[in-house]
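K.L.:
Quick one: the structure is below, questions incoming.
The values are calculated or read from the model by the stated rules, or taken from the named source; none is laboratory data. Please read all numbers here as calculations on a predicted model, not as lab measurements. Here the Cβ positions follow ideal geometry from the backbone for every residue, glycine too, while neighbour counts run over all protein chains shown.
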Ligand SMILES: [Zn+2]
């Protein structure tokens, strides 16, 4: 049995040899859709979609004060679509159905959450909340879980989702870990930093997720423009809590980490 699973997460469709698992974008937050990448886990940005937000502003999520656009909410890194627009969700389901028919290893769902703790209170969501007789928190978790449940029925391939990197208060973003665990094969948790110079928080979060989750999970480390020694220290640290590690956005550094972990493990 293999001890470690080391993978890469990439915007390109490159799959350099020697890794255990590959994640490549089929649809990213720009809203552009590429062709399915064979033998890879195809990443689909679900509700973060800059292109759709620009073309169809009526689909954008609403907090009661502003819309979920970078121009109106400075905490956002992209523009977000509301979960309650059936036509938009159907488009995602269609894309996943088509991807499933290709020779892909899996489907990875990114940005399935709400854009932030105050979203979405648009008229459509308010009406749905009333019809279902759910509280704001329940409604948001219900939307996210149902979406993932629907997808689990239409794909036979491995299914994974990105988990917002907060082990304790996932409901803030509309995530019910226990409910989602039933429909997916594993979680990917981005514990991203732009330097990894201090690692105490990485230790705390990796430890907390290891305690909290019952499903398998991968911890993702951000590699672009990161000092290699710092990245190695971060990878060594998270390897105390999981044997599943993904290195994002720099395949050369990922190869170095892959080599280090395998030597370290033998
Ligand atoms: Zn809404």
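K.L.:
Read through the list (1) surrounded by fewer than 16 Cβ atoms within 10 Å (Cβ to Cβ); (2) in a helix (DSSP H, G or I); (3) away from the ligand (no atom under 16 Å from the Cβ), then give the number of the only condition that residue 151 fails.
P.N.:
Here residue 151 meets the rest and fails (1).
K.L.:
Looking only at the stretch 98-108, decide whether some residue is part of a helix (DSSP H, G or I), more than 14 Å from the ligand (Cβ to nearest atom), under 28 Å from residue 58 (Cα atoms) and out of contact with any helix residue (DSSP H, G or I) (no Cβ under 8 Å at 6 or more places or on another chain).
P.N.:
yes
K.L.:
Exactly one condition in (1) in a helix (DSSP H, G or I); (2) surrounded by fewer than 15 Cβ atoms within 10 Å (Cβ to Cβ); (3) at pLDDT 95 or above is false for residue 178; which is it?
P.N.:
Unmet for residue 178, out of (1) in a helix (DSSP H, G or I); (2) surrounded by fewer than 15 Cβ atoms within 10 Å (Cβ to Cβ); (3) at pLDDT 95 or above: (3).
K.L.:
Report every pair of residues separated by at least 6 positions or lying on different chains whose Cβ atoms are under 9 Å apart, first residue within the stretch 78-91 and under 13 Å from residue 124 (Cα atoms), second within 11 Å of the ligand (Cβ to nearest atom) and assigned to a strand (DSSP E or B).
P.N.:
As it stands, the answer is 81/60; 82/60; 82/62, since those pairs meet every condition given.
K.L.:
For the stretch 201-214, enumerate the residues that are surrounded by fewer than 15 Cβ atoms within 10 Å (Cβ to Cβ) and part of a loop (DSSP other than H, G, I, E, B).
P.N.:
214
K.L.:
If you don't mind, there's one more thing I want to ask. Is it fair to say residue 218 is touching a strand residue (DSSP E or B) at 6+ places or on another chain (Cβ under 6 Å) and either in contact (Cβ under 8 Å) with a residue 60 or more places away in the chain or exposed (fewer than 15 other Cβ atoms within 10 Å of the Cβ) (or both)?
P.N.:
The answer is yes for residue 218.
K.L.:
Could you run through the stretch 112-131 and say how many residues are crowded, with 22+ Cβ neighbours inside 10 Å and either more than 17 Å from the chain's Cα centre (by Cα) or away from the ligand (no atom under 14 Å from the Cβ) (or both)?
P.N.:
Final tally of qualifying residues: 5.
K.L.:
Can you tell which of 164, 196 is under 20 Å from residue 120 (Cα atoms), without any contact (Cβ under 8 Å) to a residue 60 or more places away in the chain and either part of a loop (DSSP other than H, G, I, E, B) or out of contact with any helix residue (DSSP H, G or I) (no Cβ under 7 Å at 6 or more places or on another chain) (or both)?
P.N.:
Selected residue: 164, the only one of 164, 196 that is under 20 Å from residue 120 (Cα atoms), without any contact (Cβ under 8 Å) to a residue 60 or more places away in the chain and either part of a loop (DSSP other than H, G, I, E, B) or out of contact with any helix residue (DSSP H, G or I) (no Cβ under 7 Å at 6 or more places or on another chain) (or both).
K.L.:
Specify which of the listed residues (134, 159) is touching a helix residue (DSSP H, G or I) at 6+ places or on another chain (Cβ under 8 Å), within 16 Å of the ligand (Cβ to nearest atom) and not in a helix (DSSP H, G or I).
P.N.:
Residue meeting the stated conditions: 134.
K.L.:
Scan 62, 22 and give me the residue that is in contact (Cβ under 8 Å) with a residue 12 or more places away in the chain and within 16 Å of the ligand (Cβ to nearest atom).
P.N.:
Answer to the selection: 62.
Yes/no per residue for (1) crowded, with 23+ Cβ neighbours inside 10 Å; (2) not in a helix (DSSP H, G or I):
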| position | (1), (2) |
| --- | --- |
| 8 | yes, yes |
| 25 | yes, yes |
| 29 | no, yes |
| 54 | no, no |
| 65 | no, yes |
| 71 | no, yes |
| 78 | no, yes |
| 84 | no, yes |
| 89 | no, no |
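K.L.:
Follow-up question, since we're still on this one. Do you know which residues across the stretch 36-45 are farther than 10 Å from residue 108 by Cα and either assigned to a helix (DSSP H, G or I) or touching a helix residue (DSSP H, G or I) at 6+ places or on another chain (Cβ under 9 Å) (or both)?
P.N.:
Passing the criteria: only 36.
K.L.:
Can you tell which of 71, 89, 40 is under 29 Å from residue 139 (Cβ atoms) and away from the ligand (no atom under 16 Å from the Cβ)?
P.N.:
Answer to the check: 71.
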